[in-house]
Amino acid sequence: MFRLEARSSTPAWFNLALPLLAIVATLVLCSGLIALAGAGVLESYGVMFTASLGDSYAITETLVRAAPMIFTGLAVAVAFRAKFWNIGAEGQLLAGAVASCFVGAIPMPGPLAMLLMALAGAAAGAAVALVPATLRVRFKVDDVVSSLLLNSVIYYALMALIEGPWKDSFSGYPISPPIEDSANFPVLIEGTRLHLGVVVALVAAPLIWFLIVRTTLGFRIRVTGENPEAARYGGIHVERVLLSTALLSGALAGLAGVGEVGGVHFQVMSDISPGYGYSGIVVAMLARLNPLGVVPAAIFLAAVMTGAEAMSRATGVPAFLSDVIQGTALLAMLVALLFTAYRIRRVGAVS
Amino acid sequence: MSAPLIEMRGVTKSFGAVKANEAVELIVAPGEILGLLGENGAGKTTLMNILFGAYAPDAGEILIQGQPARITSSADALAAGIGMVHQHFHLAPRLTVLENLLIGIPGRSGRIDRAGGLARLAEISRQYGLTLDPDLPVSALSVGEQQRLEIVKALFRGAKLLILDEPTAVLAPSEVDGLFSALRSMAAQGLGIIFISHKLNEVRALTHRCTVLRHGRVAGRVDDPANTTSAAMAELMCGHEIVPPARGPSTPGAEVLKLDGISTSKHSGTALRDVSLVVRAGEILGIAGVSGNGQRALAEVISGVRAPNAGRMAIAGHDVARFSPREVQALGLGRIPEDRMTTGLVTNLPLADSMVLPRIGTAAFSAKGLLKPDAIRAFAEEQIKAYDIRCPGPMVRAGALSGGNLQKALLARELAFDPKVLIVSQPTRGLDIGAARFIHEKFLAMRAKGCGIIVIGEDLEELLVLCDRIAVMYEGRIAGTLASADATVARLGLLMTGAEGHG
Ligand SMILES: Nc1ncnc2c1ncn2[C@@H]1O[C@H](COP(=O)(O)OP(=O)(O)O)[C@@H](O)[C@H]1O
Ligand SMILES: [Mg+2]
């Protein structure tokens, strides 16, 4: 017989082993679904792998997809560190996209436009995140619920915008006017879609890591998240820390939207995010809220997304498998986290 | 003597490199109250967890009424008649007393047997004098009542052996008497009891025999605790003699803390009503009183987490204006909280983080918003060495440390910055004699250096040893203040009940 026993410390290699374990478990669990759909498991995963990481072009496509999830993953990781339960990265991303599209459509020199787009997008995301944080600090409103519900509010506001004032009067499609060509983010490798925003995302991760680990703000975020009472007695303004965290988190999620507008779509439409905000939660959990871990976790999910489409074309397994893999990965990771607090022991061998 | 109820033979258990128990032998007879003694970390809880099936021993065996038993889960233990009241209770706060008793007890045809439960509860209450209102939710019970419920829960499941892990650490002195009379009546009716406590006077008053653990091994046994001195038992526990610290004459200096007519709202717990007191440099002022008479509000006001409605407070001659923790700390206040785990440390983060928490924004540990990780680490390492804090290093999770070591860490973090005033609540609650003595010595050393100390406590003997003056709180007021030369347990006790009127 086996049982769980509390452990007093967690070995460092768990940080790497647990996500890998969760991913392996996910692939094993999902292979059952592939088999049910009548396709070969190894073949399907093979197609997924080749299509997402098999050659340099595929890798650039995966990175382009990973970029917004790096930002939303960082947004969630920062928020969760402070136990500000920001489930609203999706809405913050959309707000960032709208704001940057608005700025990007104003004629001005390219570099200035890009800078202002980033600032506007970050500010919009931050403003949205400030709502649930303020409600929590002021009125003790549950931030999970308020940040989640706000996603729908922002989404419908965006729809109202592109169905209304922004609607393309020529084609009648519900899409915003495009941003200025000069505001398009430069492509870094000719013939691919790898844009400047991807590099910014890759640089943001170590910067956020530095902020969390090496700055007094990061210290206050960590302490507030782990024990707000001790933080308060220690002279930390817990409310102020929560609001700062929300601003930072929302700004990061907003930047995800900026990258999609400036580097991928150059305009706003209703499906500009296939749930990158929600994927950010999976990314952050897989990364164990470590900003550096967010990069590989986002690349993994991006590979699953790009790979699943190719697999669907090649083997007939529905591309929804990508969503199933994401969900399973989150659950597997939550189960794996149990092992940070408990160990499995064989019992019954005692005479 | 009848056949032993429980016998543990050669029980050994390691956690990594730590040998928590090594070849431990322990016997409890029916009707016997066995004291289990040892310093913090001696392995008492581990041993009891093995008996209760929470840990599997690495070696050794357990005999129940002479028969080898295999206990691999708490369900096995309960089935074998072993009940345990843990240091931290395992109750469902939203459920009622009766519902908590019935959890996990199969009723007839899947339904809860309410009538049967009530009858059994009434029987247990009558038998041992343990009364509880079956329909109150657990969240409405006091700590003492919750403990009573844990005991009743074990008896409800037919326990013949009851394990109590430091039950008196959470009780007020008046509640201890009630617990003891219940335990005595259980023993009189043939139950075996294992009683863990650091308070040797309790052990001497209650137990029939004692087993003493030191570093996981049995250091000795005491066959007649009532006629053994506390000093002799303490020596068995620590392996060396414990000398009480000597408090020299006090030479009080300037006022370092002054409260003048402080009143608070009844926000949580008892409010303060017109409290005035003075602590001078180089003296220790005790605050005695039955807990719940405003001590918490007093500590909160002095710590700067709660602003009073009326009155003034000054630290080292400076008026406190905003009542924020940062402000009082900047004026020279240090603080050792009552509740180490909730308001003191961050259990999930490295110990070093907790040790610098209140001063993270100062030049010692950060500059321009950037931490100085090397300075933080060096500070923690230095204090770990200076205070002999037993831990693997500054980066270990704070929560992995024992209570005594956590208390030393908190002490180190406050004393390192030479506070002018130190406010301390229940400084040695849950600590063993050696650790308590160490803490007392540090306070006396600070006093000699001219620090003013205010100690909030329930243990009158401790206050009498430590303090120059003792003020008694009653219903949010200072009921009276005695110089400790004039104070006796009896006089203080009288003040604590409000008998001498308002001083
Ligand atoms: N789950 C655990 N993992 C690792 N070490 C432990 C665990 N539980 C207890 N220990 C260690 O075992 C020793 C004995 O602890 P414990 O039984 O709690 O002592 P006591 O109850 O006498 O204070 C201590 O050194 C403690 O740190
Ligand atoms: Mg213990």
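A few points about this structure:
- Projected onto their three principal axes, the Cα atoms of region A:1-111 cover extents of 69, 42, 25 Å, largest first.
- Over chain A, relative contact order from alpha-carbon pairs under 8 Å, at least 6 apart, %: 36
- Net dipole in debye of the protein assembly as shown [+1 Lys, Arg Cβ; -1 Asp, Glu Cβ; about Cα centre; nearest 20]: 740
- B:Arg126/B:Glu255 FRET efficiency (R0 60 Å; Cβ-Cβ; nearest 0.05): 0.60
- Efficiency of FRET from Cβ geometry, B:Ala386 and B:Asn309, R₀ 45 Å, rounded to 0.05: 0.65
- Cβ-defined net charge surrounding B:Thr270, 13 Å radius [Lys, Arg +1; Asp, Glu -1]: +3
- Rounded FRET efficiency, nearest 0.05, which uses the C-beta distance separating A:Trp13 from B:Val396 and R0 of 22 Å: 0.85
- Area of B:His86 that stays accessible when all protein chains are in place (1.4 Å probe, Å², to 10): 40
- CD proxy at 222 nm, helix term only [per DSSP H run n ≥ 4: -39500 (n - 2.57); per residue of chain B; nearest 500]: -9500 deg cm²/dmol
- Share of pairwise Cα separations in region B:1-120, more than 18 Å, in percent: 61
- Modelled label positions at A:Leu188 and A:Ser171, each set 7 Å beyond Cα in the direction of Cβ, lie 2.9 nm from each other.
- Cα-Cα separations in region A:254-351 greater than 17 Å, expressed as whole percent: 63
- Built from the Cα atoms of chain B, the convex hull projects on average onto 25.5 nm², one quarter of its surface area.
- Peptide A:213-226 - average C-beta neighbours from other chains (10 Å radius): 5
- Put simply, chains A and B cover up around 2900 Å² of each other's accessible surface, both sides summed, when a 1.4 Å probe is used.
- Evaluated over the Cα positions of chain A, the convex hull gives a direction-averaged projected area, one quarter of its surface, of 21.7 nm².
- Only beta bridges with both residues in region B:6-238 are counted; by DSSP, about 55 percent of them are antiparallel.
- Ranking A:Lys140, B:Lys13 by solvent-accessible area of protein heavy atoms (1.4 Å probe, all protein chains present), from largest to smallest, gives A:Lys140, B:Lys13.
- Cα convex hull of region B:6-238, projected area averaged across orientations, nm²: 12.9
- Here the extension length gained between A:Ala314 and A:Leu115 equals 67.5 nm, from 0.36 nm per residue of separation less the Cα-Cα distance.
- Local charge for A:Ile189 was computed over the other residues whose Cβ lies under 14 Å away, with Lys and Arg +1 and Asp and Glu -1, and equals -2.
- Checking every one of the trypsin sites (Lys or Arg not before Pro) in region B:85-157 against DSSP loop status and a limit of 14 other Cβ atoms within 10 Å picks out B:Arg94, B:Arg111.
- Relative pair counts by distance (%), Cα atoms of the protein assembly as shown, 20 Å bins: 13, 37, 34, 15, 2, 0
- Relative contact order, whole percent, for region B:315-385 stands at 19, derived from Cα pairs under 8 Å and 6 or more residues apart.
- Solvent-accessible area of A:Phe2, all protein chains in place: 130 Å² (probe radius 1.4 Å, heavy atoms, ligands and nucleic acids excluded).
- Considering only beta bridges that DSSP places wholly inside region B:124-242, some 55 percent are antiparallel.
- Seen from A:Gly125, the other residues with C-beta closer than 14 Å to its C-beta sum to a net charge of -2, counting Lys and Arg as +1 and Asp and Glu as -1.
- Distance between modelled label sites at B:Leu370 and B:Asp58, nm, 7 Å Cα→Cβ extension: 4.6
- Angle between chain B longest axis and helix B:114-128 axis [Cα atoms, degrees, rounded to 10]: 70
- Protein-only accessible surface order, largest first, of B:Ser276, A:Ser100 at 1.4 Å: B:Ser276, A:Ser100
- Here the protein assembly as shown carries DSSP beta bridges of which approximately 60% are antiparallel, counting only pairs with both residues inside.
- Using a cutoff of 8 angstrom between alpha carbon atoms and counting only pairs six or more residues apart, the relative contact order for region B:6-238 works out to 29 percent.
- Spin-label zone in region B:112-156 - amide nitrogen under 20 Å from a point set 7 Å from the Cα of A:Glu229 along the C-beta vector: B:138-147
- Nitroxide proxy distance, nm - points 7 Å out along Cα→Cβ at B:Ser14 and A:Val24: 2.7
- Distance-filtered residues of region B:287-327 - backbone nitrogen under 20 Å, label point 7 angstrom along B:Leu494 Cα→Cβ: B:287-290
The values are calculated or read from the model by the stated rules, or taken from the named source; none is laboratory data. Just so it is clear, the structure is predicted and the values come from calculations on it, not from any experiment. Ideal geometry is used to build each Cβ from the backbone, glycine not excepted, and the neighbour counts take in all protein chains shown. Side chains are part of the model used for accessible areas, which takes the heavy atoms of the whole protein and leaves out ligands, DNA and RNA. Shrake-Rupley method; radii C 1.70, N 1.55, O 1.52, S 1.80 Å.
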